[in-house]
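The values are calculated or read from the model by the stated rules, or taken from the named source; none is laboratory data. These figures come from a predicted structure and were not determined experimentally. Cβ placement follows ideal geometry from the backbone for every residue including glycine, while neighbour counts extend to all protein chains displayed.
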Amino acid sequence: KRFKTLLKEKMVQHIIVLQNTLEHQSNEIKTKIEAINDSLRDIECDEGPYIELIAAPVQTIQIRQFKESLKSAVSGAIGEDNSYDEQKFLQIKEIIERFSGREGYSDEDKRWRKIVTDVRNWFAFSAAEKYLSTGEEKEYYTDSGGKSGGQKEKLAYTVLASSLAFQFGLEHNRIKSRSFRFVMIDEAFGRGSDESTRYGLRLFEKLNLQLLVITPKQKINVIEPYVQTVHFVHNRDGMESSLISMRIEEFQKKKDR
């Protein structure tokens, strides 16, 4: 009876907590992907294509067997017969031994543990470019191979902004005024096409990222609509630099003189 009590109240409960924790983390990824996709759909103001992120469940043997072993270990935990309890004990014992690292297999079990408990490995991530008006798929991306320069830039900005939004916990149309969501972008940002640069800036704006764009006066006309303040750095003689800060409206007036 004591064995039965310990099994149900301790070991099975620990497995249930682990299973619920991993499932919660998995659902969080799905929720965040959905929130990011809301922003991606809103970037295109016309009926042009937009990019949608896809998180599909993976079917690798390691992940599938691990999830099945957790499910099997906790299913029917209210059973009454002793053979059932013994079976559950052996199932749970096998899971615990792999987590602890079996003798002679410690490195293998360590790698296994890292794979199966990182829920990001439960998904295969890809992206699809779809038409806003019909939802019809235009392009499908598992990587950027074979794509045009503009497509690669657009996909790169999408992945960058999505990862930042995921890291900062940002959601579409929810401005966290007291949260730190600062991103600094250097002059490489301006090397792409004007269209892809605007796409990236609109995406960053939709995700409420705080941007600092560093550029040697490249694509100023493209960047201006998305900034509020300009810090103009000037070095006349190559010795000391001066910094002048001004609102974008003042900068535009000075620039047009």
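Listed conditions (1) at pLDDT below 90; (2) surrounded by 15 or more Cβ atoms within 10 Å (Cβ to Cβ) are all met by GLY76, apart from (2). Does ARG198 satisfy the criteria of being charged (D, E, K, R) and outside any loop (DSSP other than H, G, I, E, B)? When the stated conditions are applied, ARG198 passes them.
Considering every residue within region 240-252, establish whether at least one is surrounded by 12 or more Cβ atoms within 10 Å (Cβ to Cβ), closer than 30 Å to PHE166 by Cβ, aliphatic (A, V, I, L, M) and touching a residue at least 12 places away in the same chain (Cβ under 8 Å). Yes, there is a match, as at least one residue in region 240-252 is surrounded by 12 or more Cβ atoms within 10 Å (Cβ to Cβ), closer than 30 Å to PHE166 by Cβ, aliphatic (A, V, I, L, M) and touching a residue at least 12 places away in the same chain (Cβ under 8 Å). Of all residues in region 1-46 being in contact with a His (Cβ under 7 Å, 6 or more places away or on another chain) and of a type outside the set (Asp, Glu), which is modelled with the lowest pLDDT? The qualifying residue modelled with the lowest pLDDT is SER39. Annotation note: of ALA161, ALA165, ALA188, the sole residue that is touching a Leu at 6+ places or on another chain (Cβ under 6 Å), in a helix (DSSP H, G or I) and at pLDDT below 75 is ALA165. Here is a check on your reading of the model: is PHE180 under 26 Å from ALA35 (Cα atoms), assigned to a loop (DSSP other than H, G, I, E, B) and hydrophobic (A, V, I, L, M, F, W, C)? Taking the combined requirement at face value, the residue satisfies it.
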